[in-house]
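Asker: The structure follows.
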Amino acid sequence: MSRKPTLWQRLQYWRDEIMSYGTPALVIVLTAATLALVVLTALVVYLGHLAPDQKPFAARLWQSLMHAIDPGTVAGDEGPALFLGAMFFVTVGGIFIVSALIGVLSSELDQQLERLRKGRSHVLEEGHIVILGWSPQIFTILSELMIANENRPRARIVVMADEDKVHMEDQIRERVERRGKTRIIVRSGSPIEVNDLEIVNPHHARAFIILPPQSDDPDAYVVKSALALTNSPNRRSEPYHIVTQIHDAQNMDVIRLLGKNDLIHPVLGNDLIARIMAQTARQSGLSVVYTELLNFEGDEIYLQEEPSLVGKTYGEALLAYETSTLIGLRKRDGRVLVNPPMETLIERGDRLFAISADDDTVIPDGHGAARVDVSLIRSDRRTPRPVPEKALILGWNPCLATVIRELDSYVATGSQVLVMADADLEAEIRHCERDLRHQHLAFRRGDTTDRHTLDSLRPAEFDHIIVLSYEGLPVQEADARTLVTLLHLRDIAEHQKTTFSIVSEMLDLRNRQLAEVTNVDDFIVSDHLISLMMAQLAENPDLYAVFFTIFDPKGSEIYLKPIADYVLTGQPVNGYTLVEAARRRGETAIGYRLASEHDDAGKSYGVHINPNKAHEVVFTPEDRIIVLAE
């Protein structure tokens, strides 16, 4: 026969039940116990006339409360023994009960501070940009987004990653310069967990950037994050705008499948960098042009409708802007045309892509045609006959095959490519060679940081040298190997008194300043360029088709051509005349590069994008015009 629980056991059970309800229940119970002790003591003293003086009940109640919360008060009491005993009783009771209440409140406060430190509180912002994941790319993206939102009074960026909140905030504070009034909010959570995503208030965000982690399979992480976001049971009905980076081209179709009901813009990172490197190897300064177009520091690309130009051709509209540069159209049926045929008609509903300082500066003045000086335009169109080229590629990473194929799209038949790396690439080289039409491909295994090995390659015999950053190494170690190779190549060029163009890939933007001592023609900081593009797309999704067209070898691309083939040198030429000279060749001029500023980082290495067309410049034969052309 079971025994009935004792009173002590029931009290213990009741205590455990209260404790299980957490801090709020404890606070209520201890507060009630304190009030009960104070009221009981005041009643005893008041009704029993224990005090030496007669005071109303409210005064006794206050006196009892002061004894409960301040033990020192009892030292000043005088009167009969029963009165002193009652005051001593309430004081001792207060020491236990009130102290326990203070302890509970202090513990709860510590827990709340710890919760804040962990970054688990919900975000209540609206119209914010959410960055999911953590990688070195985040610092460039945050910097660019703050520049883009300098004029917005309540711009908010929410960062959530499976990292310690304090660590992330310290890193951001150290490496990101605060601009404007943009506020960065950091939360800790897993971007692939639906419940954690609720922390960043995704249903009211205007854009998402998913950063791939530095792992063996970053694309799987990106796909999981996108799935968790787009398939949340609490998702909004409006489509999400998501920008991300994909490493493997085979996963592009997977990420696009997720975008049936949402706007997902994946950037194929390795392919993009490979194309830029191949194009830059043949055109010095092109990487600076891309950087100028992709960052928010200078002029950006804007899309807007211009009713005053309806009925005019694209070629006529090129001369309609003084402080902006027209580069293409988005037809009302959604087609994007970059550098379309000059006779393309601008129709009602069409929108224009233009490079400008801001969206409110894209204003046509309509007086450009009258300012063209036809006498300065060269009418002869000399097209040099293409000759075979020799390229040397040092190092290896997944971009290698794309770089080789991209070079094959531009060079003349009979060109040669030699690849040297300290890895066994024979199988990959043979596979890649089957796709080439204009180049002969060869491979040699060797240490790209060894001076004797580099000398044996005879670098002076090559037209272009591309130095790839090795994959699989820590970022700083990979950049250190690249710097050693570049220093050797510079020394070889100085000793042999010869010049050859060198394009180098860097991983960390902070190492670019160190690399400048090598006098390399172009540095391509891969993660930096990809981050710039992702920030641009997060702010303006309409630019995706424009960038895709510019970087596609089948469409119009950016070229730096001798300016002497377009206008007379040694005489003042305004921008309208430069635009007209390019227009007559079916090209869109977007700027120029001055050879005299080639080494001046403060002047963007001589690259001038979207210059004021009313200003005149005296060009030299070494200067280049920057055009969009087939």
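Asker: Mind checking whether some residue in the stretch 231-243 is farther than 27 Å from Gly127 by Cβ and modelled with pLDDT under 90?
Answerer: Within the stretch 231-243, none of the residues are farther than 27 Å from Gly127 by Cβ and modelled with pLDDT under 90.
Asker: Modelled with pLDDT under 85, of a type in the set (Gly, Ala, Ser) and outside any helix (DSSP H, G or I) - does that describe any residue in the stretch 512-529?
Answerer: Within the stretch 512-529 (the criterion being modelled with pLDDT under 85, of a type in the set (Gly, Ala, Ser) and outside any helix (DSSP H, G or I)), the answer is no, since none of the residues qualifies.
Asker: Condition first: within 26 Å of Leu568 (Cα to Cα), among the hydrophobic types (A, V, I, L, M, F, W, C) and surrounded by fewer than 17 Cβ atoms within 10 Å (Cβ to Cβ). Can you find one or more residues in the stretch 350-372 that meet it?
Answerer: Yes, the stretch 350-372 contains at least one residue that is within 26 Å of Leu568 (Cα to Cα), among the hydrophobic types (A, V, I, L, M, F, W, C) and surrounded by fewer than 17 Cβ atoms within 10 Å (Cβ to Cβ).
Here is a yes/no grid of residues against (1) surrounded by fewer than 19 Cβ atoms within 10 Å (Cβ to Cβ); (2) modelled with pLDDT under 75; (3) in the same structural domain as Val98 (by TED's automatic domain parsing):
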| site | (1), (2), (3) |
| --- | --- |
| Trp14 | yes, yes, yes |
| Tyr21 | yes, yes, yes |
| Ala25 | yes, yes, yes |
| Ala32 | yes, no, yes |
| Leu37 | no, no, yes |
| Val44 | yes, no, yes |
| Ala68 | no, yes, yes |
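Asker: Ok, one more. Select from the stretch 586-595 the residues that are at pLDDT 90 or above and either aromatic (Phe, Trp, Tyr) or in contact with an Asp or Glu (Cβ under 9 Å, 6 or more places away or on another chain) (or both) and list them in ascending order. Steps first, answer last, please.
Answerer: First, pick out the residues of the stretch 586-595 that are at pLDDT 90 or above: 586-594.
Gly586, Glu587, Ala589, Gly591, Tyr592, Arg593, Leu594 - these are the residues of the stretch 586-595 that are at pLDDT 90 or above and either aromatic (Phe, Trp, Tyr) or in contact with an Asp or Glu (Cβ under 9 Å, 6 or more places away or on another chain) (or both).
Asker: Might you check whether a residue that is basic (Lys, Arg), modelled with pLDDT of 90 or more and either within 21 Å of Ser501 (Cβ to Cβ) or in a loop (DSSP other than H, G, I, E, B) (or both) occurs anywhere in the stretch 600-615?
Answerer: Within the stretch 600-615, one or more residues are basic (Lys, Arg), modelled with pLDDT of 90 or more and either within 21 Å of Ser501 (Cβ to Cβ) or in a loop (DSSP other than H, G, I, E, B) (or both).
Asker: Ok, one more. Kindly list, by first and then second residue, each pair from a residue in the stretch 196-212 that is on the phi > 0 side of the Ramachandran plot to a residue that is surrounded by 16 or more Cβ atoms within 10 Å (Cβ to Cβ), limited to pairs with Cβ atoms under 8 Å and residues at least 6 apart or on different chains.
Answerer: Note: pairs meeting the criteria are Asn201/Val123; Asn201/Glu125; Asn201/His128; Asn201/Val158.
Asker: Right, something else. Taking the stretch 237-291 as the region of interest, how many residues are part of a helix (DSSP H, G or I) and surrounded by fewer than 16 Cβ atoms within 10 Å (Cβ to Cβ)?
Answerer: The total comes to 7.
Asker: Given the conditions (1) of a type in the set (A, V, I, L, M, F, W, C); (2) over 36 Å from the mean Cα position of the chain (by Cα); (3) surrounded by 12 or more Cβ atoms within 10 Å (Cβ to Cβ); (4) at pLDDT below 90, which single one is not true for Ala401?
Answerer: Looking at each condition in turn, Ala401 falls short on (2).
Asker: I'd like to verify a number: residues in the stretch 188-218 that are at pLDDT 90 or above, outside any loop (DSSP other than H, G, I, E, B) and under 17 Å from the mean Cα position of the chain (by Cα), how many?
Answerer: 4
Asker: Working only within the stretch 414-467, note down all residues that are of a type outside the set (A, V, I, L, M), in contact with a strand residue (DSSP E or B) (Cβ under 8 Å, 6 or more places away or on another chain), over 19 Å from Pro388 (Cα atoms) and without any contact (Cβ under 8 Å) to a residue 24 or more places away in the chain.
Answerer: Across the stretch 414-467, the qualifying residues are Asp424, Glu426.
Asker: Does the stretch 293-304 contain any residue that is outside the structural domain of Met160 (by TED's automatic domain parsing) and in a helix (DSSP H, G or I)?
Answerer: Start the filter on the stretch 293-304 by keeping residues that are outside the structural domain of Met160 (by TED's automatic domain parsing), which leaves 293-304.
Among the residues that remain, those that are also in a helix (DSSP H, G or I) are: 293-294.
The answer is yes; a qualifying residue exists.
Asker: If you don't mind, there's one more thing I want to ask. Which one is modelled with the lowest pLDDT among residues in the stretch 371-388 that are over 16 Å from Arg583 (Cβ atoms) and of a type in the set (S, T, N, Q)?
Answerer: We begin by selecting, within the stretch 371-388, every residue over 16 Å from Arg583 (Cβ atoms); these are 375, 380, 382-388.
Next, only the ones that are of a type in the set (S, T, N, Q) stay: 375, 383.
On the way: Ser375: 90, Thr383: 67.
Filtering first and then ranking leaves Thr383.
Asker: Of all residues being in contact (Cβ under 8 Å) with a residue 40 or more places away in the chain and of a type in the set (Ser, Thr, Tyr) in the stretch 559-602, which is surrounded by the most Cβ atoms within 10 Å (Cβ to Cβ)? Just the residue, please.
Answerer: Tyr566
Asker: Pairs under 6 Å by beta carbon, first residue within 12 Å of Phe89 (Cα to Cα) in the stretch 22-45, partner of a type outside the set (A, V, I, L, M) and surrounded by 14 or more Cβ atoms within 10 Å (Cβ to Cβ), six or more apart or different chains?
Answerer: Correct list of pairs: Leu37/Gly93; Val38/Ser64; Thr41/Ser64; Ala42/Arg60; Ala42/Ser64; Val45/Arg60.
The values are calculated or read from the model by the stated rules, or taken from the named source; none is laboratory data. In this text the structure is predicted, and so the values were computed from the model without any measurement. Glycine also receives a Cβ, built like all others from the backbone with ideal geometry; neighbour counts cover every protein chain displayed.
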